[in-house]
1. Can you tell me which of (1) modelled with pLDDT under 95; (2) in contact with a helix residue (DSSP H, G or I) (Cβ under 9 Å, 6 or more places away or on another chain) is the one ALA83 doesn't meet?
2. Select from region 110-134 the residues that are over 14 Å from the mean Cα position of the chain (by Cα), of a type outside the set (A, V, I, L, M) and either farther than 17 Å from SER68 by Cβ or in a loop (DSSP other than H, G, I, E, B) (or both) and list them in ascending order.
3. For the condition outside any loop (DSSP other than H, G, I, E, B), exposed (fewer than 12 other Cβ atoms within 10 Å of the Cβ), among the aliphatic types (A, V, I, L, M) and out of contact with any helix residue (DSSP H, G or I) (no Cβ under 8 Å at 6 or more places or on another chain), what is the one hit in ALA145, ALA137?
4. Would you point out which residue out of ALA153, ALA108, ALA129 is small (Gly, Ala, Ser) and crowded, with 17+ Cβ neighbours inside 10 Å?
5. Considering only region 109-125, how many residues are in contact with a Ser or Thr (Cβ under 8 Å, 6 or more places away or on another chain) and either more than 15 Å from GLU177 (Cα to Cα) or not charged (D, E, K, R) (or both)?
6. Any idea which residue in region 238-257 is nearest to ILE278 (Cα to Cα), counting only those that are among the polar types (S, T, N, Q) and free of Cβ contacts under 8 Å to residues at least 40 places away in the same chain?
Amino acid sequence: MIRFTRLQLAATMVLAASAGLTLTLAGEAPATATANVLDAPPREYVIPKKGIPDAIRKAVESPDRPKSDTVRDGYRRPAEILALTGVKAGNKVFEFASMGQYYSRLLAEVVGPKGKLYMTDAHDYLSDAKVMEEQIAKPGLAFAAAHPNTTYAVVDYNKIDMPRGLDMVFNVLYYHELLRHNVDVTVLHDKIFKALRPGGIYMIIDHAGKIGVDMKDTLPLHRLDPSVIRQAVTSFGFELVVESRLLENLSDDHTWPIFAAGKRDQTDQVVYMFRKPIVY
């Protein structure tokens, strides 16, 4: 089992703080807060003709999606990502870091009125409580109020109680933040394992860091050696069933911070789909 010592985690927190990371630089912050800072050049997105369920296609093509979401589709390839997970109507999905609601909008549409989406954000993601409330919490609560099949909460991931019988846990571009914010992932993985139904999916997408490089060097960049994710999750009983290259970027040398100007969504990203064994 991979365990991160207090010393390792404390070191990453100090380095991250010294980097002066703010909401306007955070790679996962809402689009409204990062306009003209992180935005990458537009990239055309065409949903594949085959292999995409109708419900997912409809959600991605919805005219209700804001432009701040659709302009990112060429990099994030949401139809293929969601199709990979197998998410469908009636599913119960738990979402880490729903901030901005890019995937929340899609997931809520796909699971439909008989499904459930549990949206969450970390209570300590930002040090400025007022900015946290205005730019992350309020939009999340407003979205949940407008979508009866969703709930939203700002939580402490070290203390969270997760609902049981989940079909999927969805963690996009946030696994590294769990480590930066001193979350005990061994405890969290135990909760996730128990919350998922047998055969349930644990989907993780994150910014790739250099292989074999210590976390104290990669976490300030908001990146991780992919093996850190694989080893930590599989050691807890999950099976790695898919390692996709959907979001691979071979031109990324893994040395620049994800909040570099004009680089939004252009990192080399790992796409891992883990599964809770049907029999364990």
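1. (1) is the only condition that ALA83 fails.
2. Correct list: GLY112, PRO113, LYS114, GLY115, LYS116, HIS123, ASP124, SER127, ASP128, LYS130, GLU133.
3. Selected residue: ALA145, the only one of ALA145, ALA137 that is outside any loop (DSSP other than H, G, I, E, B), exposed (fewer than 12 other Cβ atoms within 10 Å of the Cβ), among the aliphatic types (A, V, I, L, M) and out of contact with any helix residue (DSSP H, G or I) (no Cβ under 8 Å at 6 or more places or on another chain).
4. Testing whether each residue is small (Gly, Ala, Ser) and crowded, with 17+ Cβ neighbours inside 10 Å leaves just ALA108.
5. Residues flagged as in contact with a Ser or Thr (Cβ under 8 Å, 6 or more places away or on another chain) and either more than 15 Å from GLU177 (Cα to Cα) or not charged (D, E, K, R) (or both) within region 109-125 amount to 6.
6. ASN249
This table checks each residue for (1) without any contact (Cβ under 8 Å) to a residue 40 or more places away in the chain; (2) under 17 Å from the mean Cα position of the chain (by Cα); (3) at negative phi.
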residue	(1), (2), (3)
GLY140	no, yes, yes
PRO163	no, no, yes
ILE201	no, yes, yes
ASP214	yes, no, yes
ARG230	no, yes, yes
PHE236	no, no, yes
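Conditions (1) at pLDDT 95 or above; (2) within 25 Å of TYR45 (Cβ to Cβ); (3) among the hydroxyl-bearing types (Ser, Thr, Tyr), marked per residue:
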| site | (1), (2), (3) |
| --- | --- |
| ASP184 | yes, no, no |
| LEU188 | yes, no, no |
| MET203 | yes, yes, no |
| ASP206 | yes, yes, no |
| MET215 | no, no, no |
| ILE229 | yes, no, no |
| VAL241 | yes, no, no |
| LEU247 | yes, yes, no |
| LYS276 | yes, no, no |
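The values are calculated or read from the model by the stated rules, or taken from the named source; none is laboratory data. Remember, predicted model here, so these are calculated numbers, not experimental data. We place every Cβ from the backbone using ideal geometry, glycine too, and count neighbours over all the protein chains shown.
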